[in-house]
Amino acid sequence: MQIPRPIHDDFRFLLDLKDKELIELFKDARAYILELYPDANELLYHTHALTAVFSISDKLSDAFCMLPIYTNHLNLGFNKGTLLNDPDKLLTGTGNLIRHINLKTKSDYRNASVKALIREAIDLARKDMDKPTGSIGKTFSKINKK
């Protein structure tokens, strides 16, 4: 069994301020994404939401999905969601590219349909990547500490 990647201290500090159930759901969704793509780089942000972005490089432009945590809910977002095959109509949103799935329970993402979306998003990110990356399986905190 693979040892889970630790959550970066900058992110954990802010995560710990969230509701316990939301924290546990985030941790499990993060673990699921990293199980599906262990080489993913994790880019951490704190803007309008506390967000872990999963990328095939160290660039946001090469990201395939994200987990933004808001005050009372968590989403699984897809950076190029409008380009994904979504036969089960799981993705919601009105933006030009980004789509998301609202996460309330593990069954909202631990299923074959979401697994297929994540894998397709990874494949799309690989095809769109400009050049190979030297960063594999790393975490980058973009959180501004004041």
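The values are calculated or read from the model by the stated rules, or taken from the named source; none is laboratory data. These figures come from a predicted structure and were not determined experimentally. Positions of Cβ are backbone-derived with ideal geometry, glycine not excepted, and every protein chain shown enters the neighbour counts.
Of everything in region 51-60 that's touching an Asp or Glu at 6+ places or on another chain (Cβ under 8 Å) and over 11 Å from Phe26 (Cβ atoms), which residue is surrounded by the fewest Cβ atoms within 10 Å (Cβ to Cβ)? Walk me through how you get there before you give the answer.
Narrowing region 51-60 to residues touching an Asp or Glu at 6+ places or on another chain (Cβ under 8 Å): 52-56.
Those still in the list that are over 11 Å from Phe26 (Cβ atoms) too: 53-56.
Numbers: Val53: 22, Phe54: 24, Ser55: 26, Ile56: 24.
The qualifying residue surrounded by the fewest Cβ atoms within 10 Å (Cβ to Cβ) is Val53.
Can you tell me which of (1) touching a strand residue (DSSP E or B) at 6+ places or on another chain (Cβ under 9 Å); (2) at pLDDT 95 or above; (3) loosely packed, with under 13 Cβ neighbours inside 10 Å is the one Glu42 doesn't meet?
Result: Glu42 passes all but (3).
Across region 28-43, which residue is farthest from Leu91 (Cα to Cα) among those that are more than 11 Å from the chain's Cα centre (by Cα) and part of a helix (DSSP H, G or I)?
Per the stated criteria, the residue is Glu35.
Residue-by-condition table, conditions (1) basic (Lys, Arg); (2) within 27 Å of Met129 (Cα to Cα):
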residue: Asp10; (1), (2): no, no
residue: Phe13; (1), (2): no, no
residue: Lys18; (1), (2): yes, no
residue: Ala31; (1), (2): no, yes
residue: Leu34; (1), (2): no, yes
residue: Pro38; (1), (2): no, yes
residue: Glu42; (1), (2): no, yes
residue: Ser57; (1), (2): no, yes
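Within region 93-112, does at least one residue satisfy the condition of being surrounded by 16 or more Cβ atoms within 10 Å (Cβ to Cβ), closer than 25 Å to Pro6 by Cβ, at pLDDT below 90 and not hydrophobic (A, V, I, L, M, F, W, C)?
no
Looking at region 117-146 only, could you name the residues that are part of a helix (DSSP H, G or I) and in contact (Cβ under 8 Å) with a residue 12 or more places away in the chain?
Within region 117-146, Leu117, Ile118, Arg119, Glu120, Ala121, Ile122, Leu124, Ala125, Arg126, Asp128 meet the criteria.
Just need a number here: residues in region 125-146 that are charged (D, E, K, R) and surrounded by 10 or more Cβ atoms within 10 Å (Cβ to Cβ). Before the answer, list the steps.
Taking region 125-146 as the starting set, the residues that turn out to be charged (D, E, K, R) are 126-128, 130-131, 138, 142, 145-146.
Going one step further and asking which of them are surrounded by 10 or more Cβ atoms within 10 Å (Cβ to Cβ), we end up with 126, 128, 138, 142.
Within region 125-146, residues that are charged (D, E, K, R) and surrounded by 10 or more Cβ atoms within 10 Å (Cβ to Cβ) number 4.
Which pairs turn up if I take residues in region 86-98 that are closer than 18 Å to Ala116 by Cβ and of a type in the set (A, V, I, L, M) and look for partners that are surrounded by fewer than 16 Cβ atoms within 10 Å (Cβ to Cβ) and at pLDDT 95 or above with beta carbon separation below 7 Å, at least 6 apart in sequence or on another chain?
These pairs meet every condition: Leu90/Ser113.
Quick check on region 44-55. Is at least one of its residues in contact (Cβ under 8 Å) with a residue 40 or more places away in the chain, of a type in the set (Phe, Trp, Tyr) and assigned to a helix (DSSP H, G or I)? So that I can check it myself, show each step before the final result.
Initially, region 44-55 is screened for residues in contact (Cβ under 8 Å) with a residue 40 or more places away in the chain, giving 44-46, 52, 55.
Subset that is of a type in the set (Phe, Trp, Tyr): 45.
Then drop every residue that is not assigned to a helix (DSSP H, G or I), which leaves none.
Taking every residue of region 44-55 in turn, none turns out to be in contact (Cβ under 8 Å) with a residue 40 or more places away in the chain, of a type in the set (Phe, Trp, Tyr) and assigned to a helix (DSSP H, G or I).
Tell me which of these Met66 doesn't satisfy, since it passes every other one: (1) outside any strand (DSSP E or B); (2) free of Cβ contacts under 8 Å to residues at least 60 places away in the same chain; (3) surrounded by 13 or more Cβ atoms within 10 Å (Cβ to Cβ); (4) out of contact with any Cys (no Cβ under 9 Å at 6 or more places or on another chain).
All conditions are met except number (1).
Pick from region 48-91 the residues that are of a type in the set (S, T, N, Q), more than 14 Å from the chain's Cα centre (by Cα) and modelled with pLDDT under 95: which of them is farthest from Lys106 (Cα to Cα)? Working first, answer last.
In the first step, residues of region 48-91 are kept if they are of a type in the set (S, T, N, Q); the result is 51, 55, 57, 61, 71-72, 75, 79, 82, 85.
Retained after the next criterion (residues that are more than 14 Å from the chain's Cα centre (by Cα)): 71-72, 82, 85.
Of the ones still in play, those that are also modelled with pLDDT under 95 are 71-72.
Numbers: Thr71: 19, Asn72: 16 Å.
Per the criteria, the residue is Thr71.
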